[in-house]
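To start, the structure itself, in structure tokens.
Bear in mind these aren't lab numbers, they're just calculated from the coordinates by the rules spelled out. Small disclaimer: the values here were computed from a predicted structure and weren't measured. Here the Cβ positions follow ideal geometry from the backbone for every residue, glycine too, while neighbour counts run over all protein chains shown.
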Amino acid sequence: MGSTSAENSTNGNAGVGRRDVIKRSAALGLAAVPATGFLSACASGGGDDSSDDSTKGTASKENPFGAAKGSKLDVVIFKGGYGDDYAKAWEADFQKKLGITSTHTGTQEITGKLQPRFNAGNPPDIVDDSGAQQIKVDVLYKNGQLLDLAEVLDAPAVDDPSKKVRDLIIPGTLDAGLQEGKIVALNYIYTVWGLWYSGKLFKEKGWEEPKTWDDFLAVCQDAKKQGIGGLAHQGKYPYYINVAIMDLIAKKGGLDAMKAIDNLDPKAFVGSDAAQAGVEAIYEVVEKGLLMPGTNGLTHTESQTRWNQYKAAFITCGSWLENEQLKQTPADFDMKFMPMPLLPGSALPFQAIRAGSGEPFIIPAKAKNLPAAKEFMRRMLSKEWSTIFAKEANSLTILKDGVDPSVKLRPGTQSTVEASKAAGDDTFRYLYTEWYSEMGAAIEAASNELMAKRIQPKEWLKRAQAAVDKQAKDPASKKNHRD
Amino acid sequence: MRKGQYRFVAGFLFAPVSLYLIFVIWPYVQTFGYSLTDWKGQSQTFKFIGLDNYKALFQDDVFMQAVWHNILFLIFIPVITILLALFFAFMLNAGGRSKAGGVGGVAGSQFYKVVYFFPQVLSLAIVAVLFNAVYRSDGGGLLNGILIKLGLVDAENPVEWLNEPNLVLWMLLIAVVWHGVGFYLVLFSAAMQSIPRDIYEAALIDGAGRNQSFFRITLPLLWDTVQTAWVYLGIVAMDMFVLVSSMTQNMGAYGGGPDHHSDVMSTVMMRNFQYFGKSGYACAMGVVMLLLTLVLSVVMLRATRRDRVEF
């Protein structure tokens, strides 16, 4: 058993943890011991020898990990908004090129299907661990279940063997998979956030893509005159309107205004000119009656579908929108993405967009066919596979310039490609949503009141600041900081 | 008792009691244990922090507001549902015009009984979907659509039923009552049918009208059933998780909006447990919910206890 010592040390740690639990539960009069002891026994009991020789092939330049021909790869894919057709196409290609067949599982029940397998030491080889029922990456990491992906990221890239895989990835997009300094999850999908409109509607009405906030309001007003709503948002989930508010703040005040919020600055909102300008701009839309009627109470699908029916000029969303609305979008809708328009005196240019990555792919440390899993992931970061993904799932990957120009993307995705090219290095990404869900929820509640005109921008700023200050009191928030 | 009877009884009780202990009592005990810790829900490492969670709980405006909402539901859901159900049940069973000295329901009562029971067949999730369509906040909603057609509501400013702080609880209440009335109607009907007919006939001969026979005969003889209904509906009012989380404005997760005006204890608890990762704190909420529910059931059963009428 090659991994015996490593396993023993893991068990040793688990033993200490268990003893702690016993002490504590004894103190509580809990006696939770049997359950935890039993569970951890399950978790460590099944981890038998996995490195059987049939998965070891000869390593070569084309096949740096030595994935063995004729071996089997166990792939589990979250079958959500992006479907799982892309993965089937990858698997077919993998079979063709390397002679490795895959068993494919497309499911939404990641936790239900995989938790028992992880506990029994019999996990799949590669997993798209996403969706509402994902197993949290940090939990898996703490249980020693995840492979450090450095080996894959430092391997020669498929498209250019003189470079490492990680050199061909859009900067900053790997960060989402960091746990204690190691990248243990590959967040594969590149996402941009901003405004969306119908190219067809704009052509028909003779509107231009507005570059400034005033132009944006002018389009909304013209739309209103013609019986079309100006801005739609997914009101039942105030997360979405916060995208607009926060984007305006970041673009007005620059990265410093954004970091002030993420770093829980005592002047993140109250006392920040950028924050005030941003929220007042959004409130202007409300006050002038430029929202799509009723949009404050609609779910994401309801309002997005209304927008697809030309009931509103703009909607705020991330780049999953096109795939989510595939069935509701008319064929000639010509979906377009655009950066948030600029407020006067903004620090960032118009082209600047919020951009980041999502959809974590992981390789379990106890995978049976590690060489093939690593090779599979290496190939995910090739132009060919990234193009397959863009075609099947209508979304971009974190691979730099990762879509073959010959591929005809859907109009919305195509416009995000152009927008991120135009943005270049002018991208930003809030992290408070990943770090402080409670603070995010409090700001969302305030935004919901703002959009319903029950509070004014001043009050919104106060409430947002109160949420920041409350979070700053939590000692755990000291661990998160960005420069 | 005869020899060996205890052993015999214990033999039968062993399986159900141990199941109950393992799957009901033990989780409660564990919840209480976790409520004294700062457990974050994703690993088995936590610190014992005594009663801090409970102290924080009583200073948590959102939770206290949620308790208040549950209390409102607790008052209105049982009262309205039971009154409506009683009224309908009486009309269906004894409210008809007397035919040749008999006592029966209004014409077509069998048909109505089925119709009233319909909503109960639907799961709460479907009720939520249905009422979301009724309350939808633009012209596509049933209510708004009708009101706009009638010219009562401006199409540019439709009523956002579930996004109005003063309306949202009542909107939820309507959905719950609609869903529940049918079941209690059938329950009360069954109880009414077990009331001997001669009592009604005797009252009729003595010249009692509908009101009198309802208040003097039906209600007293139904008291046991009403009491049971009250406890069940009280439990519904203490929960409300499904409707609130799937119908109201999202406050991070599990609904509760606008601005926590529809939050109930269960949604606040789940939001803290899953979304905020404050699982120990959420366990303290769970314990408080358990205590409140227990106290309420006991109070309810004691307060409504009356002498039993045998017939």
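Computed values, structure above
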read-out: Projected label distance in nm at B:A56 and B:Q193, using a 7 Å step from Cα toward the beta-carbon; value: 5.4
read-out: Chain A, relative contact order [Cα under 8 Å, separation at least 6], %; value: 21
read-out: Crossing angle, helix A:273-287 versus chain A [Cα axis fit, 0-90 degrees, rounded to tens]; value: 60
read-out: Reachable aspartates and glutamates, given that their alpha-carbon falls under 16 Å from the alpha-carbon of A:K97 and they are not under 8 places away in the same chain; value: A:E62, A:D159, A:E375, A:E384
read-out: Where trypsin sites (Lys or Arg not before Pro) fall in DSSP loop in region A:54-92, at most 14 other Cβ within 10 Å; value: A:K61, A:K69
read-out: Separation of alpha-carbon centers, region A:316-360 and region B:1-33, rounded to whole Å; value: 59
read-out: Cα gyration tensor, region B:61-303 - rounded (a/c under 1.5), prolate or oblate; value: oblate
read-out: Cα gyration tensor, region A:171-289 - rounded (a/c under 1.5), prolate or oblate; value: oblate
read-out: Whichever aspartates and glutamates have a C-alpha closer than 12 Å to that of A:K408, once near sequence neighbours (fewer than 8 apart) are set aside; value: A:E392
read-out: Pairwise centroid distance, computed over Cα atoms, of region B:187-201 with region A:218-257, Å; value: 62
read-out: Of A:K236/A:K458; A:K79/B:K47; A:K113/A:K374; A:K72/A:K182; A:K136/B:K47, those spanning more than 31 Å from alpha-carbon to alpha-carbon; value: A:K79/B:K47
read-out: Most mobile of B:A237, B:A282, B:A253 in a GNM of chain B (Cα contacts under 10 Å); value: B:A253
read-out: Reachable lysines, given that their alpha-carbon falls under 16 Å from the alpha-carbon of A:K203 and they are not under 8 places away in the same chain; value: A:K311, A:K336
read-out: Cα-based shape type of the protein assembly as shown, given that a ≥ b ≥ c are square roots of the gyration tensor eigenvalues and the cut on a/c is 1.5; value: oblate
read-out: MRE, 222 nm, helices only [DSSP H, n ≥ 4, -39500 (n - 2.57), over chain A, to nearest 500]; value: -14000 deg cm²/dmol
read-out: Most fluctuating residue given options B:G139, B:G257, B:G182, as computed from a GNM of chain B linking Cα atoms under 10 Å; value: B:G139
read-out: DSSP-defined antiparallel bridges as percent of all bridges, the protein assembly as shown, nearest 5; value: 65
read-out: Ranked A:K203, A:K458, A:K374, criterion: other C-beta atoms within 10 Å, fewest first; value: A:K203, A:K458, A:K374
read-out: Helix runs (DSSP H) in chain B reaching 27 Å along axis by Cα, Kyte-Doolittle at least -0.5; value: B:61-94, B:168-193, B:219-239, B:279-303
read-out: Approximate spin-label separation B:I146-A:D469, in nm, with each point projected 7 Å along Cα-to-Cβ; value: 4.8
read-out: Mean Cα-pair separation over length for region B:61-303, i.e. relative contact order, pairs under 8 Å, 6 or more apart, %; value: 25
read-out: FRET efficiency, 1/(1 + (r/R0)^6) with R0 25 Å, evaluated for A:A120 and A:D93 via beta carbons; value: 0.25
read-out: In order through region A:458-465: 3J(HN,Hα) via Karplus (6.51 cos²θ - 1.76 cosθ + 1.60), integer Hz, x for Gly, Pro; value: 4, 5, 4, 4, 4, 5, 5, 5
read-out: Label-zone membership for region A:267-283, site A:T212, 7 angstrom Cα→C-beta point, backbone N under 16 Å; value: A:281
read-out: Residue-averaged 222 nm ellipticity for chain B, from DSSP H runs of 4+ at -39500 (n - 2.57), nearest 500; value: -20500 deg cm²/dmol
